[in-house]
Structure formats: C-alpha cells, structure tokens
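Every number here is computed from the coordinates shown, using simple stated rules; none is lab data. From a predicted model like this one, the values you see are computed outputs, not experimental measurements. Every residue, glycine among them, receives a Cβ derived from its backbone with ideal geometry; neighbour counts consider all protein chains shown.
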Amino acid sequence: MFPRLARIAALPGHRLHLVFTDGVEGCVEVAERLWGPMFEPLRDEALFAQVRVDEHGAPVWPNGADLAPDALHRQLTAELGRGA
C-alpha cells in the first residue's frame, strides 16, 4: 500500500507541491497531463489552484478531475533517487 498524500499546494506553471505521509516531498509539473475534457479546464491557473486532497488521499479539483497519488509518489521517488 502506498503512503497517503498528506498535503498539496498548487504552484505557478501547473506544478504541485506534494507531501506524503512517508516523508516523501517535492514538486511535480503536470502541464503535460492537462488534456481531455476533464483536465483541459485546469489550464486555467485559478481553477488549477483549487486543488485539494480528497478522503482517499488523491489530488482533486472542483470539476471532478483527479490524479493517481501512487503515480505521483513513484514519480517523486524516482526523481529523488529513492526508488519506489
């Protein structure tokens, strides 16, 4: 089971600052994921900034878009050289 996402903050440039319960922390750029009917509206920085962590530990937006927290955790650990 992957650690849960504890905190999230939207940053300029469609980046997210993530903090997981296992101490993994960092920023990911998600602009390349913002395509399709659910994600294209998030190109608007004001809507993107409304991200929050839902009850399942996933990043979600008011329009119903969400991202997989396990994939974000794997991305961060790979970038930090920790392995997953």
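Derived scalar couplings between HN and Hα for the range 47-59 equal 6, 4, 5, 8, 4, 8, 8, 7, 5, 9, x, 10, x Hz in order, rounded to whole Hz, by the Karplus curve 6.51 cos²θ - 1.76 cosθ + 1.60 (θ = phi - 60°), x for Gly and Pro.
Taking the chain as a Gaussian network of alpha-carbon nodes connected by springs under 10 Å, the highest mean-square fluctuation of the residues GLU55, GLU45, GLU29 belongs to GLU55. In this Cβ point-charge picture (+1 for Lys and Arg, -1 for Asp and Glu), the range 5-79 has a dipole of about 80 debye about its Cα centre. For the chain, the equivalent ellipsoid built from the Cα gyration tensor has semi-axes of 21, 13, 11 Å, listed from largest to smallest.
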